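Q: Before I ask anything, here is the structure I am working with.
The values are calculated or read from the model by the stated rules, or taken from the named source; none is laboratory data. Computed from a prediction, not measured in an experiment: that's the story for all the values here. Methodologically, a virtual Cβ is constructed for each residue, glycine included, from the backbone with ideal geometry; neighbour enumeration extends over all protein chains shown. Ligands, DNA and RNA are excluded from the accessible area calculation, which covers all protein heavy atoms including side chains. Shrake-Rupley method; radii C 1.70, N 1.55, O 1.52, S 1.80 Å.
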Amino acid sequence: MSMAMLYSIVGVVVLLMLLLILIILLISCKPWRFFSFPRSRTIKTGELERPLVSGDVDSTPRPNQVNELPRDYDLEGAFFQNEQFRPPQAGLVHKSRAGTIATNLVQGDSLVLDVITDHSEDVYVGQTLKRPLLRRPLGDEKKQSRESLEHDRPQAYLTKDVFDQRSCLNLEVIAGPSTGLRCSVQSTNPSRLPLTLGRVSPSDLLLKDSEVSGKHALINWNLNNMRWELTDMGSLNGTLLNSQPINHSDSGSRHWGEPMKLASGDIITLGTTSKIYVHITPQSESQIPFAVGIASDPMALRRGGKKLPMEDVCYYQWPLPGVDQFGLFGICDGHGGAEAAKTASKLLPKMVASILSDSLRRERVLSSCDASDILRDAFFQAEACMNHHYEGCTATVLLVWADGDENFFAQCANVGDSACVFNVDGDSIKMSEDHTVSSYTERLRMEERGEPLKDGETRLCGLNLARMLGDKFLKQQDARFSSEPYVSQVVHINQASKAFALLASDGLWDVISAKKAVQLVLQVLSPSI
């Protein structure tokens, strides 16, 4: 009798343990996820909104016009089959609307440029950013535009107009050892804020003055009060604003001072000798000649619900600081982390602006209508400044400039597999080159170096990219890696043209063909939608 009860108890315990094990397995494996249908990722034109262009765009197809890519274009792979750049056909003029000259762009997973809004700004980590619909030219249509905005934009956008947030801060050193040094930053470019003033790198305004502290002061944009503010960072020799001290009363404590409002015409004194003149320029909405739209996928519902980090960074700056005729649009796709992409997105516009600040080189670009040397030098300088040994990124930039006669020019440079496609009246032109290890151009480059790939080799040190920025450690291990950019031919965009550019990482091109992406944009541009 007792043995039977003992067997019964043991059996119950075993059953309970088996049940517990089964529950643990169910919780850890989550088999129900295989029976749930993921939410549709079909892109609706309403989701992209209409910030891609202003409302007066006429994208009605012309007679005999076919919105197709060339025959040798791989529609599903989004690349030409011979992997080489196809220059514009003779007589094809690449187009854009021209309003007045000035203004900017943005960032995300994919970026559509049709001719620009809002000063340079960066959008990281899987954000989906919808631009408010651009207003038409000021004047008789102002009232109509405002009514349209209230119907088309979400209520959140009505609380604070993005146009009112534009302000450009310009600093010029007018006394001291660094006299003549200049720096500018826009309020809508958070990646460059706060602006730091000091004696040691990485200060944004680097002053070679022994009386200036390593990190002396900073300037930031106060979004709540819509103003620029100067703050002393606990400097040893103090900071003066219009001859009035703004540093902490106890200078030996190294405590920060209170933020002080800056106005155009103010004089900032660091120590006793270095004086900085402040000039603040409001940016008018009427200066913006382009529209821009951005979309990004946070990738939150993939791999069994595991949230993946966003490593893409999309950015723009129009105009570039100190060179009002030029603007830059770009996207970087990081691997091994997002830091290399963030660094490249800050360095490339800075390098391009710095090179174009040379009046001789700038005039050479305007006269020859070719910025190849500018783009190559910017990539080489950015690569030299990047200290990322175990992280890297692709980089695709589109440099756009105006000639003063309402004509625009565009030229692209890239490393990696983030692509740029230009569409002009339904004809698509690929502006970038694929730099995956298995691509034709990269295999040819390595063969010419005398270091060809082995049969079946599709990766270098585990990477499928042969060109990138960063990854210094891998480049030391294998000399076949490169950071030399491909530079496209120049596309001319006249006032009669209707054109747009689409920049995106492989996150877009892996799931949608170039033809379909172009068709989506054309649908959004259509006045019938």
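Q: Output the pairs from Lys342/Lys475; Lys346/Lys515; Lys346/Lys498; Lys454/Lys475 with a Cα-Cα distance over 22 Å in this structure; if there are none, say none.
A: Flagged as over cut-off: Lys346/Lys515; Lys346/Lys498.
Q: List, in the order given, every pair from Lys215/Lys350; Lys472/Lys516; Lys215/Lys261 whose Cα-Cα distance in the structure shown is over 27 Å.
A: Pairs exceeding the cut-off: Lys472/Lys516.
Q: May I ask you to evaluate 6.51 cos²θ - 1.76 cosθ + 1.60, the Karplus curve with θ = phi - 60°, for each residue of segment 435-448 and list the ³J(HN,Hα) values in order in whole Hz, giving x for glycine and proline?
A: Using θ = phi - 60°, the values come out as 10, 6, 4, 7, 6, 4, 5, 6, 4, 5, 4, 5, 5, 5 Hz.
Q: Summarise the accessible area of segment 353-429 (1.4 Å probe, protein heavy atoms) by the percent that is carbon and sulfur.
A: After summing per-atom areas, the C and S share lands at 45 percent.
Q: Taking all protein chains in place and a 1.4 Å probe, what share, in percent, of the accessible surface of segment 455-519 do carbon and sulfur account for?
A: 43
Q: Could I ask something else about it? Evaluate E = 1/(1 + (r/R0)^6) for Ser367 and Glu457, where r is the Cβ-Cβ distance and R0 equals 35 Å; express this FRET efficiency to the nearest 0.05.
A: 0.20
Q: Calculated FRET efficiency, Ala496 and Ser354, Cβ-Cβ r, R0 45 Å, to nearest 0.05?
A: The pair Ala496/Ser354 has a calculated efficiency of 0.85.
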